[in-house]
Amino acid sequence: REAEFAALRDTPAVTLDGQRITLLTNAGLAVDLENLDAVGAEGIGLFRTEFQFMVSDELPRLDSQTALYRRVLDTAGRRPVTFRTLDIGGDKVLPYLETEREENPALGRRAVRLGLDRPGLLRLQLRALLTAAAGRELRVMFPMIATVDEFRHARELVDVECAWARRRGRALPDLLRVGAMIECPSLLWHLDALLPLTDFVSVGTNDLFQYMFAADRTNPLVADRYDPLSPPALRALAEIQRRCADTGTPVSVCGELAGRPLEAFALLTLGFTRLSAPAGGVGPVKRMILSADLGAARRGMANLLGSSSASVRGELESLARKLNV
Ligand code: PEP
Ligand code: MG
């Protein structure tokens, strides 16, 4: 298997019916960068910046944040990198950062909520990103956006930092793209307001489904109780894809889902063309892509979306088998 995936490393991800898929990988530490070449990903669709903070004994200073981001961009070269700003708080506690104890950490002041309440922290990180990406492209996105205003405020902080750098005559990125993660279900009903404000979005299915099904993704008693290959989850994804297509907003999927072949097959049949998978999933998903005829699969998927079952995994497996995927 490993040898088979390695042989596909430089093969472009194109489906049997000619649809080009962009296959990216998720990363978070400098060591993950080796995976880019090893698995043949086309870029980093999700760089989890909190990992540097979690392995550090103290708040990483501006220069060490900048150094890491610069190294990531240097290694990626011409391949795109999407940095996600700090996703801490909740269960990801940093011993050196004082935060209140919360009864429900997953529903607490995590991610961009903490960043907006303590803008000094977020601004420092944005400054590091802007500095590291001076003269090249910077793609940055915010986690756990639940309202349009949160995105607006986060984006304003990017503008504030750009203005700060400009006043000091510092070089800025040539191209700046600011996006939102879609991982809070509330946004599903406000995409019309959100999408015009974003340059791109990325669907975080791990959290999106945790919140949709009210099931802690880390709790084994409930984590497997609900299947992402279920009509409600698939319809949510279909809706996001449709809205993004209508508005011409680039969209990717960066949850663990994108790294599993059957789930990734479902995403492609829903119309997604940009996936960011954990490194181990890139090879298996690429092999699936090369054998998929999406035209035929789409008609099958349309029927599954209308199913009254709690899971359509079995039906999707049969469909994939019938189509020799
Ligand atoms: C997600 O929620 O799907 C996601 C990609 O982010 P994380 O797993 O880091 O919460
Ligand atoms: Mg998430």
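Any read-out appearing in this document is the output of simple, stated calculations on the displayed coordinates, not a laboratory observation. The shown structure was predicted, so the numbers you read here are calculated from the model rather than taken from an experiment. Methodologically, a virtual Cβ is constructed for each residue, glycine included, from the backbone with ideal geometry; neighbour enumeration extends over all protein chains shown.
I need the P(r) histogram for segment 114-247: all alpha carbon pairs, bin width 5 Å from 0 out to the longest distance, whole percents.
The distribution over segment 114-247 is 2, 10, 18, 18, 16, 13, 11, 7, 3, 1, 0, given as percents.
Please work out the Kirkwood hydrodynamic radius for the chain, using every pair of different C-alpha atoms, and report it in angstroms with one decimal place.
On the way: mean 1/r = 0.0491 Å⁻¹.
It is 20.4 Å.
Could you work out how far helix 294-305 tilts from the main Cα principal axis of the chain, as a 0 to 90 degree angle to the nearest 10?
That helix lies at roughly 90 degrees to the long axis.
Over segment 1-102, what number does the Rg to Rh ratio reach, with both radii from the alpha-carbon atoms and Rh per Kirkwood? Before the final figure, lay out the partial values.
Values: Rg = 16.9 Å, Rh = 15.6 Å.
Value, to two decimals: 1.08.
Across segment 54-64, in residue order, what do the Karplus-derived ³J(HN,Hα) couplings come to in whole Hz, using 6.51 cos²θ - 1.76 cosθ + 1.60 with θ = phi - 60° and x for Gly and Pro?
6, 8, 9, 8, 9, 4, x, 6, 3, 5, 6
Report, to the nearest 10°, how far helix 148-167 tilts away from the longest principal axis of the Cα atoms in the chain, using its own Cα long axis and a range of 0 to 90°.
50
Cut-off is 10 Å between beta-carbons; in what order do V178, V285, V55, V222 appear when sorted fewest neighbours first?
Values: V178 19, V285 27, V55 10, V222 14.
If I rank by nearby Cβ atoms, fewest first, I get V55, V222, V178, V285.
Pick from A133, A258, A38: which residue has the top mean-square fluctuation in a GNM of the chain where Cα pairs under 10 Å get a spring?
Top of the fluctuation ranking is A38.
How do S309, S202 line up, fewest other C-beta atoms within 10 Å first?
S309, S202
Shape verdict for segment 56-132, please, from the Cα gyration tensor: rounded (a/c under 1.5), prolate (a/b greater than b/c) or oblate. Before the final figure, lay out the partial values.
Numbers: a/c = 2.33, a/b = 1.94, b/c = 1.20.
It is prolate, given that a/c is not under 1.5 and a/b is the larger ratio.
Using a Gaussian network model of the chain whose springs link C-alpha atoms within less than 10 Å, name the residue from A128, A223, A277 with the highest mean-square fluctuation.
A223
For a quick check: with amide H placed at 1.01 Å from N, whose amide H comes under 5 Å from A277's, ignoring anything fewer than 5 positions away on the same chain?
L24, T25, N26
In the chain, what percentage of the DSSP-assigned beta bridges are antiparallel, given to the nearest 5?
Working: 2 of 29 bridges.
Bridges in the chain are about 5 percent antiparallel.
Pull up all non-local amide H partners of M141: gap of 5 or more, or a different chain, and H-to-H distance under 5 Å with H placed in the peptide plane.
F83, R84, T85, G179
What residues qualify as long-range amide H neighbours of S252, i.e. H under 5 Å apart, gap of 5 or more or another chain, H built at 1.01 Å from N?
V201, S202, V203
Given springs between every Cα pair under 10 Å in a Gaussian network model of the chain, which of F213, F83, F142 has the largest fluctuation?
For the chain, modelled as a Gaussian network with Cα springs under 10 Å, the answer is F213.
What are the ³J(HN,Hα) couplings of segment 193-201, residue after residue, when phi is run through the Karplus curve with 6.51, -1.76, 1.60 and θ = phi - 60°? Round to Hz, x for glycine and proline.
Working through the residues one at a time gives 8, 6, 4, x, 8, 9, 8, 6, 9 Hz.
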